[in-house]
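I have placed the structure first, in the form of structure tokens, so that the comments after it can refer back to it.
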């Protein structure tokens with residue numbers, strides 16, 4: 001999978017940090033952050049000290065919904081990848097306040113971590129909620145969801161593992177649905193050409209609540225990985 005094109009799908013945002021966010025990035029960093037060297041494969045069983053299934057979320061934003069999911073599902077281990085420092089600091093601070101031991105963070109490019117640090121067939125689920133839509137047509141090439149990206153995720157997911165995508169951009173939803181249905185490794189849990197109803201287990205984010213008030217529609221896509229482990 002090393003051939004996945006190197007087009008940056010995110011923008012690194014910076015800004016003033018709150019004391020709580022700063023504490024998450026300094027005092028609490030070692031408790032929650034993973035900083036693997038290049039080509040070092042993470043051993044999640046050792047990291048979490050258990051054999052629980054691992055859920056990876058790519059681009060968790062401010063982290064509120066990921067913290068909520070980790071708190072509600074102590075039987076699962078969660079790993080979040082994000083580049084936004086304020087969001088990482090907020091997530092770590094909130095995870096510490098709730099005493100969560102089933103949540104870890106990777107700061108940086110998700111594709112780089114997937115290629116260099118995450119073993120094949122080790123993830124039970126991958127979540128990608130509201131990725132940057134790069135709505136201008138000339139920028140569509142920057143969208144993270146591509147055929148190569150889906151092949152990479154399939155390799156990292158267990159056979160029968162789940163890929164859950166959500167977006168509030170209709171043309172991105174249509175593009176993702178088409179790509180997933182063209183990919184031989186994934187199968188829609190719904191009928192063909194059909195989006196999934198919004199699942200109760202995906203917490204409503206502040207962003208999504210605002211969108212609902214404005215009448216924005218959300219599209220969820222849930223597919224099962226059929227790639228056999230080898």
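Each reported figure results from applying straightforward, stated rules to the coordinates on display, with no laboratory input. Bear in mind that the values here come from a model prediction, so they are computed numbers and not experimental data. Every residue, glycine among them, receives a Cβ derived from its backbone with ideal geometry; neighbour counts consider all protein chains shown.
What the table below lists for this structure:
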| item | result |
| --- | --- |
| The chain: calculated mean residue ellipticity at 222 nm from DSSP helix runs of at least 4, using -39500 (n - 2.57) | -9000 deg cm²/dmol |
| Three-way shape label, the range 50-187, alpha-carbon gyration tensor, a/c 1.5 | oblate |
| Length released on extending from residue 228 to residue 184, taking residue separation times 0.36 nm less the Cα-Cα span | 14.7 nm |
| Whole-number percent relative contact order across the range 19-225, with pairs defined as alpha carbons under 8 Å at least 6 apart | 21 |
| Antiparallel bridge percentage (DSSP; both residues within the range 19-225; nearest 5) | 35 |
| Theoretical gain in end-to-end length, residue 214 to residue 112 [0.36 nm per residue, Cα-Cα removed] | 33.1 nm |
| Net lengthening on full extension, residue 170/residue 193 (0.36 nm per residue, minus Cα-Cα) | 6.9 nm |
| Virtual spin-label span in nm between residue 47 and residue 120, 7 Å along Cα→Cβ | 2.0 |
| Protection proxy ranking of 192-203, 79-90, 147-158, 172-183 - average other beta-carbon atoms within 10 Å, highest first | 79-90, 147-158, 172-183, 192-203 |
| Option label - P(r) over Cα pairs in 5 Å bins from 0, in percent computed here, alternatives (1) 1, 7, 12, 15, 16, 14, 12, 10, 6, 4, 2, 1, 0, 0; (2) 1, 6, 11, 12, 11, 11, 9, 7, 7, 7, 6, 4, 3, 2, 1, 1, 0; (3) 1, 6, 14, 19, 21, 18, 12, 6, 2, 0 | (3) |
| Rounded FRET efficiency, nearest 0.05, which uses the C-beta distance separating residue 73 from residue 204 and R0 of 22 Å | 0.85 |
